[in-house]
Structures are given as structure tokens and as C-alpha cells.
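Following: one structure in C-alpha cells, then a few remarks.
Read-outs: derived from the displayed coordinates by stated rules, not from any lab. Given the structure is predicted, the values throughout are model-derived calculations rather than measurements. Cβ atoms come from the backbone with ideal geometry, glycine included; neighbour counts cover every protein chain shown.
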């Protein structure tokens, strides 16, 4: 078999952010372990790279803690070096830094939230997106992303969907602008799959999906997207494009402003039952 040149360690999307202290520390520890195992096996970097089907330059960068290897890199290294699962077990540590720090921070917040409320006016909310819809969004970003950046972003976004499986389940409320249901991101079949996914999620008892019709003359969401997360200890964090310079806020007074705005949006939108009927109608027209 030839050398694998698509492992993700060669692309800029897998670089370690030098300002990500946790990521730098985890990758440095992982690199030391990998290098030690290889040295103990008496293998040079070129020999080791050929054995695991990766280029020598890629191996050097991984062992220098400069690039984030994919999980399969560790699987192959474990097998070639006879580590008996010890190297493969490092995938749990690698999982912590595979995604950008801002994504990891968001996942942590979503993992703690007992209530999440969101209003989206541009595209379907990330937690509601199908793989194909999310991929289409990443691929149309400008300037264009590399294939590895697209894959990394997609993997990170899909990992967030575990919030739907949490026990106890958080209360999840989404209000989607009508245009987000009608713009055929990725093409007709991708959009049909996305609309079907919305209908599936709307059946979950802890999930509420509402649609904001375009024909309304009064609209409390003209300031742009809103996202709010509330936690068991009574604290909360929120963000809106149109308030507080778009910064995340946790001050109770500021959070209350976003909460009131989102509540008004919900009151103006179609009811959950009406929204399901509306999504079904759009699906039939798509």
C-alpha cells in the first residue's frame, strides 16, 4: 500500500493553535509518548512512517507536537509498535483538542445547560443540522476552506449533537426564520433531508421548534441571531448579534434582555404544532 497523504497532519486546519494552552499541553505530552514508543521499538521516523503509511515529514510534525493526528494514526501506531492498546488509548486525550478551543468551550457549556434557547435567521441552527447540510455550509464559506478544515469543522459540529441524548434531557427551544427552511442549501435532496430531520427532532418531548413567518410586519428578532443557555445553578450565558456588541454575556441584567427578546420572538412565531405543519408543507414543496 502507498503512503497516505490525506491524514490531516499536513493541512493548516489541523495546526495546533499556540494560544490554546490546553491543546499545546496535550499535544506535547502525546508527542513525547509517541516518540518514546518509536525509539523503544528501534524504528527511525522514515521506517515508522512507511509502516503506518504516513509520510516521514508528517511523523516528525506529530512527534514535535505541531500537528494534530487523526485517531487512525494512533491506531496504526499502536499496532506497528505493539503497544497493546496503550497508544490507542490516547485517543481519549486527543479528543479534547481535536476541535478548536472555541468549539470545545461551546460543547462544555452545552453539556452543562439545562435549557437552551436559540433564534436563527440565516441558516438552520448547528445542533439541528444534518451532516450533508452542515458540509454544504462549510464548503461554501469564503475564502474557501481546505478539505481538512471542512472535515474538522463537520466532525466538531456533529459531535455536539450528543446534547439530544443527554439524561436528564435539557429543554431545547429553537426558532427558525422561514427563509432558513426555504433556501436549498446543498441542493434539493440535501434540503429535503434537513427538513425531515427537523420533523424528527420536533417529535422529541424536550425539543421545541418554531417557525417565524416572513410575512409578519412586526418582528422582535431584527437584531439577528440569539442563543441562550441556562444552568442548574441559576446562572446563564447568552449572545446576540444585535446586542452588547455581539459579545457573550453572563451578567443577569444583560441575559434578561436577551431572554425577553427571545420570549417575544417565540410569541410572534408560529406555535410548535403550526410550525410542524409548516415544515411539512415546505417539505412537500421542496
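Computing FRET efficiency as 1/(1 + (r/R0)^6) for residue 171 and residue 40, where r is the C-beta to C-beta distance and R0 is 45 Å, gives about 0.30.
Put simply, when 245-251, 57-63, 79-85, 258-264 are sorted by average Cβ atoms within 10 angstrom per residue, most first, you get 57-63, 258-264, 79-85, 245-251. Between residue 253 and residue 216, the contour length at 0.36 nm per residue exceeds the Cα-Cα span by 10.4 nm. With contributions of -39500 (n - 2.57) from each DSSP H run of at least four residues, the per-residue ellipticity at 222 nm computed over the chain stands at -14500 deg cm²/dmol. DSSP finds beta bridges in segment 149-286, and of those with both partners inside it, around 50 percent are antiparallel.
Legend: calculated FRET efficiency, residue 114 to residue 53, from the Cβ-Cβ distance at R0 = 30 Å, rounded to 0.05, equals 0.10. In the chain, the DSSP beta bridges split such that about 50 percent are antiparallel, to the nearest 5. Computed extension length for residue 60-residue 206: 47.8 nm, one decimal, from 0.36 nm per residue of separation with the Cα-Cα distance subtracted.
At a Förster radius of 30 Å, what calculated FRET efficiency corresponds to the Cβ-Cβ distance of residue 158 and residue 28, to the nearest 0.05?
In this case the efficiency is close to 0.65.
Ranked for footprinting exposure by Cβ neighbours inside 10 Å, fewest first, 37, 141 give 141, 37. Summary value for the chain: 17 percent relative contact order, contacts being C-alpha pairs under 8 angstrom separated by 6+ residues. Which one is right for this structure if Cα Rg over 2.2 N^0.38 Å is calculated from it: (1) 1.33; (2) 1.18; (3) 1.13? Computed from these coordinates, Cα Rg over 2.2 N^0.38 Å corresponds to label (2). Taking label positions 7 Å along the Cα-Cβ direction at both residue 79 and residue 20, the computed distance is 2.7 nm, reported to one decimal.
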